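Have a look at the structure below, then the notes.
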Amino acid sequence: MSAAALLASHAGLWARLPTHPFVVATAEGSLPAGAFDRWLEQDHWFVVGFRRFLARMVELAPDEGARDVLAGGLGALADELALFRSEGAGRGLDLDGTEPSPTTLGYTSYLQAAPVEGWPVALTALFGAEKAYFDAWSAVRDRGRADSPYRPFVDNWSSPAFGDWVDEVGGLVDRLAPAPELELTLGRVVRFELRFWDAVHVGETW
Ligand code: MP5
């Protein structure tokens, strides 16, 4: 199942990622500080959950080539968590003292449960989450101001190195046999991504 065909099967939903109000406001520099703080807290929880999912996927990989690709992503997550912690501390946030929101917990729980469905479904979910962030933050970079206070985050998810890694993961997706559940999985992931932006934008609470 080509990664491009999978993305095309949800082109309408996918197009809403780079035009989401949170993403647009981040690019324009008009995002209220409180909304960015909420994103920082919640994305920190996302990455905490995602790292456990990725580690499970390293274990599940069907061959050493695929395992090399996925294991190559783990180091970047340690750097991301360090960036969240230093930026959070600079903004007076106590990240560990917050709770993941219902949407964050729902999304990370969905990802962590995906390996139970097998490698094709779980790999599709992993690819969708990473590709969604690359596309959204690349849009921020393209539209955004060079002096944006969010530059370290923009650079992290729109960098050529991250883009190359997402393409490598897409190359693993290309090797999957087509199956209806892969389209279903990608659709769920993109809807979770949109919900995630909604939740941090409006400030979802329990
Ligand atoms: C990613 C993320 C990218 N950080 N947050 C959400 C809501 N979706 C995708 O994942 P990673 O592991 O930070 O590259």
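The values are calculated or read from the model by the stated rules, or taken from the named source; none is laboratory data. Predicted model, so just to flag it, every value in this text is computed and none were measured. Quick reminder, even Gly has a Cβ in these numbers, built from the backbone with ideal geometry, and neighbours come from all protein chains shown.
Here are the numbers for this structure:
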read-out	value
Breaking point among (1) farther than 20 Å from Pro32 by Cβ; (2) assigned to a helix (DSSP H, G or I), for Val200	(1)
From Leu172, Leu123, Leu176, Leu184, residue being crowded, with 17+ Cβ neighbours inside 10 Å, away from the ligand (no atom under 16 Å from the Cβ) and either in a helix (DSSP H, G or I) or modelled with pLDDT of 95 or more (or both)	Leu176
Segments classed as helices (runs of 4 or more DSSP H), wholly inside the range 56-116, with at least 2 members that are under 27 Å from Glu204 (Cα atoms) and aliphatic (A, V, I, L, M)	74-90, 102-113
Close pairs (7 angstrom Cβ cut-off, 6 or more residues apart or separate chains): away from the ligand (no atom under 13 Å from the Cβ) in the range 192-205, part of a helix (DSSP H, G or I) and among the basic types (Lys, Arg) anywhere	Gly203/Arg38
Number of the condition not met by Leu194 [criteria: (1) surrounded by 14 or more Cβ atoms within 10 Å (Cβ to Cβ); (2) on the phi > 0 side of the Ramachandran plot]	(2)
Evaluation of Ser148 against (1) within 16 Å of the ligand (Cβ to nearest atom); (2) out of contact with any Asp or Glu (no Cβ under 7 Å at 6 or more places or on another chain); (3) among the polar types (S, T, N, Q) (one fails), failing number	(1)
